[in-house]
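Enquirer: Supplied in structure tokens, the structure appears directly below.
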Amino acid sequence: MKLGNWKIGTRMLAGFGAVLALLVAVAALGIGSMGGLQSRLREITGVNNAEIREASTMRTMVDDRMIALRNVAC
């Protein structure tokens, strides 16, 4: 059966159905990708937060040593 032989209502319904199917597929793909992105983001922030915490601790220790050294020199 050729597409040209279909009534206009049937052709419009088929077109709308195809657009709706593509919309559902794109939405499903997007939701799946967001789930993967969320898990990678948690991993990255976990590593970065640990590194920042360590750097802050080191900075505080250096500041304490500098103050102690200044107080000895006076």
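The values are calculated or read from the model by the stated rules, or taken from the named source; none is laboratory data. It should be emphasised that the depicted structure is a prediction, and the values quoted were computed from it without experimental measurement. Because the Cβ atoms are built from the backbone with ideal geometry, glycine has one as well, and the counts that use them run over all protein chains shown.
Enquirer: Pairs, please: C-beta under 8 Å, at least 6 apart or cross-chain, first residue of a type in the set (Phe, Trp, Tyr) and in the stretch 2-25, second surrounded by 10 or more Cβ atoms within 10 Å (Cβ to Cβ)?
Expert: So the pair list comes out as Trp6/Ala14.
Condition check ((1) modelled with pLDDT of 90 or more; (2) more than 25 Å from the chain's Cα centre (by Cα)) across all residues:
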{"site": "Lys2", "(1), (2)": "no, yes"}
{"site": "Trp6", "(1), (2)": "no, yes"}
{"site": "Leu13", "(1), (2)": "yes, yes"}
{"site": "Gly30", "(1), (2)": "yes, no"}
{"site": "Gly35", "(1), (2)": "no, no"}
{"site": "Gly46", "(1), (2)": "no, no"}
{"site": "Ser56", "(1), (2)": "yes, yes"}
